[in-house]
Amino acid sequence: YRGANDSPAPPRHDGTLQGLRPASMMPAVGPVTSKSGESGARRQLTIVLGAGAVLVYYLALALTRRIDADEGYYLYAARLVLEGRLPYRDFFYPQMPLLPYFWAVAGIAPGGVGWLGGRVLAAGVAWACALLFGALLARRVRARGAFLAVGAVYLVSDFGLEWAMTAKTYGPATALLLGAWLALGRAPSESGRFDRRAALAGFLVSLAVLARLTVAPAALVLPIVYLGLDWPKAASRKRWLIGYLNGLLPAAIVVGVFRALAPEAFVFDNWTYHRLGGPPAAERLRANLTVLLQMLISPLWLLAWAPAIAWIAASRRRPDRNTSCYAALAGVFIIVSTIPIRAFHQYYAMATPWLLLLAAPALEWAWGGVARRIGRARAAAAAVAMVMGLSLFQAQTVFARRWPTWAWRPETPEAAAEHDHRLGVARAVARELNARARPDDRLLTWWPGYGLEAAPPMVEGMENHFAVRVAKYVEAERARRLGALPAEEIERMITGRRVALVVVGLWTGAESWLGREHYTEMLDRAGYRKVWESGSAAIYEVPR
């Protein structure tokens, strides 16, 4: 587990609170590395079985979790790029350009991009995040009990349990950043024109920025932290910086290409769109700070940041490189999650892995002190009880919100919408559309998740459920240039019966503030027939 990214641990001071105590007073805890007496083969088998269990865990979560609405447009964008269309130029896409091509990997399997393939790929990403987190955690703590406890907390955290296995930006961006820090060495290269490990780290960071724009500040944090500590030689810094900048170059090239292909749309989709609408600045700030406060006082975050601050303050020495990096990245993601027009709890999930890595030595020290006083067996039981209590607290709301069971049935309009978020319902809509569609039919729906596995192509300008919002804030002609369909054009398509199949359900009328009833009444007046319904999803068809 232990790699070159850590400074060697001297006998008395190793950068943790354990280093503040004489070696004779250290708690008798077993190391994660090699002093337990187990054979190398047995340790390897334990690692393989643990990794396999985590993979099964994420596959089970990914294939049963309710759909997050944004997953519909991420996966539909992957379908579009497989069909030869380009983000920004050919359809509205309000994120950086990597993920349509990344999630398109799910379309290699027969049948193209679909919900199951997308979620299996997302489970693989979540698994990679867990393995990378575990590798960094093993460099951070030495006690097996502390390693298992912090790892378990990660698996039930807001990131590890709720968001890591979704087909969104959080998993890929976090995996790439974890890999970037893991790739960096303890010391710079002393030969060659540039440091290859720095180049690899820069390349992974550049991919993370291409996955999610809010990662961009991290591209500055890593060199500041890495170059600012313990390096007296200017030549080594220069080699490292040249390698890192070479690694960032591909991202600059990709951004330049898409900027050249769609100058107006690229800037609008990635920047201007995210500033549209929203409450006044003071009201927005209050609302966002309220969300941040809720996160800071949540049990999981309290378990991370409070011990970390106490540990850093008690050590009375300059933090090492890892501590500085984890604190800086956690701070970056907290800040960038508070800035947008609307802050959501899911934004802050990207800070959680870094907070746990920051707090791990403090938690290990606390666990070791408890073990010394009450015994290892009792300390282990207390740690298990704590993790289980946190798991139950974290999971009780998460599972109710994200994992509706197969036996659940809608009884209210709000509950019907939750029913509609299930993978089975979205796939059932697509199967019914495929059974009714003719070769030249087009599909009109306000949420692209319904059309992901459907044969009929969606009406251009509706491939993203936020596109209607764009048409509300900009003039109609510019909206069409940006790949958004104005609400007036949607109404003309319905009243003129210019589209054969219409799905009413998730997001119908939400971004145009007209409401679902507005469109269902319009469909009835235009002569469409409701031919299928499940939960809040309904298919309307022009009489043949």
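The values are calculated or read from the model by the stated rules, or taken from the named source; none is laboratory data. The shown structure was predicted, so the numbers you read here are calculated from the model rather than taken from an experiment. Positions of Cβ are generated from backbone atoms using ideal geometry, with glycine treated the same way; all protein chains shown enter the neighbour counts. Only protein heavy atoms, including side chains, enter the accessible area calculation; ligands, DNA and RNA are left aside. Shrake-Rupley method; radii C 1.70, N 1.55, O 1.52, S 1.80 Å.
On the chain, 63 percent of the accessible area sits on carbon and sulfur atoms, based on a 1.4 Å probe.
Each Cα pair under 8 Å and six or more residues apart adds its separation to the average, and for the chain the resulting relative contact order is 18 percent.
Rg of the Cα atoms in region 47-132, relative to 2.2 N^0.38 Å, amounts to 1.18.
Which residue, chosen from Gly278, Pro217, Ala487, occupies the Cα position most advanced towards the positive end of the dipole of the chain, where the dipole is computed from +1 (Lys, Arg) and -1 (Asp, Glu) charges on Cβ about the Cα centre? Selected residue: Pro217. Here the gap between Phe399 and Leu276, fully extended at 0.36 nm per residue and compared with their Cα-Cα distance, gives a gain of 41.0 nm. For a paramagnetic label modelled on Val384 (point 7 Å from Cα along Cα→Cβ), amide N atoms under 18 Å away belong, within region 120-147, to 144-147.
Would you please classify the overall shape of region 191-331 from the alpha carbon gyration tensor, given that a ≥ b ≥ c denote the square roots of the eigenvalues, rounded means a/c under 1.5, and beyond that prolate means a/b larger than b/c while oblate covers the rest? Oblate.
Quick one: net charge of Ala262's neighbours, Cβ under 10 Å, K/R +1, D/E -1?
Details: positive: Arg89, Arg259, Arg481; negative: Asp90, Glu264, Asp269.
Here the charged neighbours net out to 0.
The phi-based Karplus calculation (6.51 cos²θ - 1.76 cosθ + 1.60; θ = phi - 60°) puts the 3J(HN,Hα) values of region 506-516 at 4, 6, 5, x, 5, 7, 9, 6, 9, x, 4 Hz, whole numbers, x for Gly and Pro.
The phi torsions of region 260-271, fed into the Karplus equation with coefficients 6.51, -1.76 and 1.60 and a -60° offset, translate into couplings of 6, 6, 9, x, 6, 5, 4, 5, 5, 5, 8, 10 Hz, rounded to whole numbers, with Gly and Pro shown as x. Can you give me the C-alpha center-to-center distance between region 306-338 and region 36-65, rounded to a whole angstrom? First find each Cα centre; the distance between them is then 29 Å. Placing +1 on the Cβ of every Lys and Arg and -1 on the Cβ of every Asp and Glu, with no other charges, gives region 45-126 a dipole of roughly 60 debye about its Cα centre. Every Cα-Cα pair in region 213-282 was counted, and those over 18 Å apart are 59% of them. Pairing the Cα long axis of helix 216-227 with the longest principal axis of the chain, what angle in degrees results, from 0 to 90 and rounded to the nearest 10? Between the helix axis and the principal axis of the chain, the angle is about 10 degrees. Per residue, the chain exposes 44 Å² of accessible surface when a 1.4 Å probe is rolled over the protein heavy atoms with every protein chain present. On the principal axes of its alpha-carbon atoms, region 304-356 has extents of 39, 18, 16 Å, going from largest to smallest. Amide H contacts of Leu506: none lie under 5 Å away among residues 5 or more positions distant or on a separate chain (H built 1.01 Å from N in the peptide plane; Pro and chain starts excluded). The residues neighbouring Tyr58, those whose beta-carbon lies less than 13 Å from its own, together hold a net charge of +1 under the Lys/Arg +1, Asp/Glu -1 convention. DSSP assigns beta bridges within the chain; of those with both partners inside it, close to 65 percent run antiparallel. The distance separating the Cα centre of region 105-150 from that of region 71-102 comes to 23 Å. Here the 3J(HN,Hα) profile of region 76-92, calculated from phi with Karplus coefficients 6.51, -1.76 and 1.60 at θ = phi - 60°, is 5, 4, 5, 5, 5, 5, 5, 7, x, 9, 10, x, 6, 6, 10, 7, 6 Hz, Gly and Pro shown as x. The local environment of Leu485, defined by Cβ-Cβ distances under 10 Å, has a net charge of -3 under the rule Lys, Arg +1 and Asp, Glu -1.
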